[in-house]
Structures are given as C-alpha cells and as structure tokens.
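The values are calculated or read from the model by the stated rules, or taken from the named source; none is laboratory data. What you are looking at is a predicted structure, and each value in this text was computed from that prediction instead of being measured. Cβ sites come from the backbone with ideal geometry, for glycine too, and all protein chains shown count toward neighbours.
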Amino acid sequence: MPENPEQLKALLDSFLDPESAGKAAEDIDRGLDLLRTHPAPAPHPERIASIKRDLQNRLAAQTRSSRRIPAWIGWTGCAAALVLATTLLTLTYGPQFHPTQQVTEAVDPAQWKIDTDPVLSGMTKELEGELETILTIHPDQYNSDAPDPIEKLQQELKLMASTDDFWKG
Amino acid sequence: MESFEKQDTQKLVSRCQAGEHGAYDELVDLYASRCYGYFYRLTRNADISHDLLSELFVKIVEKLDSFKGGSFEKWLFTIAGNLFHDHLRGRYRQKKMLETKARELQDDSLPRRADTELSDKLQVFLSKLDEDTLQVILMRFYGDLSFKELAEIRNEPIGTTLSKVHRGLKKLRELMGESGA
C-alpha cells in the first residue's frame, strides 16, 4: 500500500530539507499522474481467456495427480500384502526341504560301489595293506585298547615319587 | 475503502490456496491489466507482455502455497520483476526487444493514430529512462507499493529507492513538458 501525501512528505523530510522535500513530493505525484493519464493498452481478451483456460487445465491436472497418489500407495500396499501372504503360506504349508534325501535320490547308489571301479578297488586294497604294516610296527599307537600316553606318563611320575631308588636305575 | 479491498484480496488469495479453482479466474481478472501494463511498459512489446503475463499466472499457481500472508501485491510484483529479469537474460527475447525498439525509433516521425498518440509518446519517453529506474517506477505505479516495500524487494536502502523514483519521474515530467504534452 503506497504512502498517502502526508506520509510521503514526512518520508522525504527525513532525507531532504523541507523545500526540496516539497518539490520532490510534487515531482513524484505529477510523474505518477502522467502514467495514470496515459494508460498502457489493456491485455487482449482472447489472451486472458487463454490464460484462464491454461490455469484451469493445470489446476485440474494438479488435482488428478494429488488423487492418484493415494491410489498408487493403495496398489503398492496390496501388492506387498500379496507377496507377504504367499511367502507365509509357502513357509507354513509348502514342501519341506530335505537335502540328504534329495542328494541320495539324485545320485545312483550303484555309483557308490567301489567294487565296480577297478582303479578304486586296487587303491583301497593298497591302502589297507599299508595300514596293516603300520599296525604291525606300532601296535600301541593305533590300538584303542592300549593305555593312553598321558595316563602312562602319570603312572611313571607316581612311580618316581613313591620309589626313592628309582632314579638310580 | 482501501482496507476493504485489501481484505477482499486476502480472502480471494485464501480461496485460491484452499483449492477453489474459480477463484483463480477472479485473480486473473483483478491483476491481469495491472501486470500486463507493467510488462508492456517495460518491454514495449504486446506479444512478449502477453507471454510474460501467462508465465506470471502459471508461477502464481505453482507458488501460491508459499505465500504466507502480508502484502499480496508485493509478493506478486516480486515474481513479476524476477520474470522480467529472466526474460532479459533470454538472448532471443533481447534481440526481439532491440528490433522493436529500432522499429519504434524509425517510426517516430510517422503520423500516429490520435487515440494512442499520447500513450505512445509516454512510452518513448519512458524508454529514455534507464532500465533499473523504469522498473522501480513501474513497480510503484502498477504494484501500488510503498517505498518501504519497494526497498525490501530491491534489497536496498529506502533512501536509494526514493531518490531513484524521484529522479526518474522528474526526468519524465521534463521530457513530457519539453514535448508540449
């Protein structure tokens, strides 16, 4: 809201001496009168109608898009609920996973027989022979009935502690 | 009466903000002539002024939610001023303006229609003012803004705005007086 003449004079007084302020107020007033008495042409009515149509189209589009957002959210929610329900049903009532059974079924048991493969059966026999040799040389090491080495050591220590002449040989 | 009009404007703006589509038509009716006059006096071109007017109302639709009260005219003419600056930056439009100005100067000696003679004379003299001074004078006149509001929009001391408007209008008076209008 522009200043009234008194307010304008007071404003100019704060920058100019009273005489100059009076002249400045007159210059401003008369200068704006020139614009008032020589108005600019008016906008073309067709262009104004076009602007109004454009605005209404934009406003309608804005309204449509703002309505579309909840629908979009709704559809996304439905899709998410469907996926969740399917997952839960599958986990609860769906076929259980048995890896052993599946592997056993997947491989033919006949393939596990070493006898059918001459190379494998030869290597097996060779390994069994080697094991027999080792057991002959170190029977205690691979015999489960032999005393535990720690137990054996404990017994020796007990013997050393109880017998004074043990160390003399 | 003036404060009643201001209240009416506030109500109209509130109706627009509330999403009442018809209120925008009323806003166009209320401000189209003033804003067009502002653009026309700045650009001296009817087509460009119509384009800028159209852009201005599109901006209003887009930004009206950001208007938080106060002087609507100040808000509106700040956007209008920014649009004019954007327009000046456009090379094509600058070229178009220069062509228009050149045509105006060439046609200055040709006889004019009686009903537009004075208005056109004013337009010629307005174009003799520097762009910045012209803009602040037109904003004062078409925006119906106080010097305080103008200084705030322009981000300058009120004394600077006051001095610019005074010097510009004084020069315009002298030019019009010399021409015998």
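Selection of region A:38-53 for residues being surrounded by fewer than 17 Cβ atoms within 10 Å (Cβ to Cβ) and either at the interface with another protein chain (Cβ under 7 Å from one of its Cβ atoms) or not in a helix (DSSP H, G or I) (or both) yields A:39, A:41, A:42, A:44. Please work out if residue B:57 is more than 11 Å from every other protein chain (Cβ to nearest Cβ), aromatic (Phe, Trp, Tyr), in contact with a Leu (Cβ under 9 Å, 6 or more places away or on another chain) and over 20 Å from residue B:100 (Cβ atoms). When the stated conditions are applied, residue B:57 does not pass them. The condition of being among the small types (Gly, Ala, Ser) and surrounded by fewer than 18 Cβ atoms within 10 Å (Cβ to Cβ) holds for only one of B:69, B:81, that being B:69.
When region B:120-146 is filtered for residues that are touching an Asp or Glu at 6+ places or on another chain (Cβ under 9 Å), among the hydroxyl-bearing types (Ser, Thr, Tyr) and without any contact (Cβ under 8 Å) to a residue 60 or more places away in the chain, only B:146 remains.
Every condition in (1) more than 24 Å from residue B:18 (Cβ to Cβ); (2) in contact with an Asp or Glu (Cβ under 8 Å, 6 or more places away or on another chain) holds for residue A:55 except the one numbered (1).
Looking only at region B:147-169, residues that are polar (S, T, N, Q) and within 8 Å of chain A (Cβ to nearest Cβ) come to 1 in all. Can you pull out the residues in region B:1-47 that are of a type in the set (Lys, Arg) and either within 17 Å of residue B:145 (Cβ to Cβ) or within 11 Å of another protein chain (Cβ to nearest Cβ) (or both)? Correct list: B:6, B:34, B:41, B:44.
In region A:54-72, the qualifying residues are those that are at the interface with another protein chain (Cβ under 10 Å from one of its Cβ atoms) and farther than 21 Å from residue B:55 by Cβ, and the one that is modelled with the highest pLDDT is A:63.
Any residue that is modelled with pLDDT of 90 or more and within 12 Å of chain A (Cβ to nearest Cβ) - is there at least one of those in region B:75-86? Checking region B:75-86: not a single residue is modelled with pLDDT of 90 or more and within 12 Å of chain A (Cβ to nearest Cβ).
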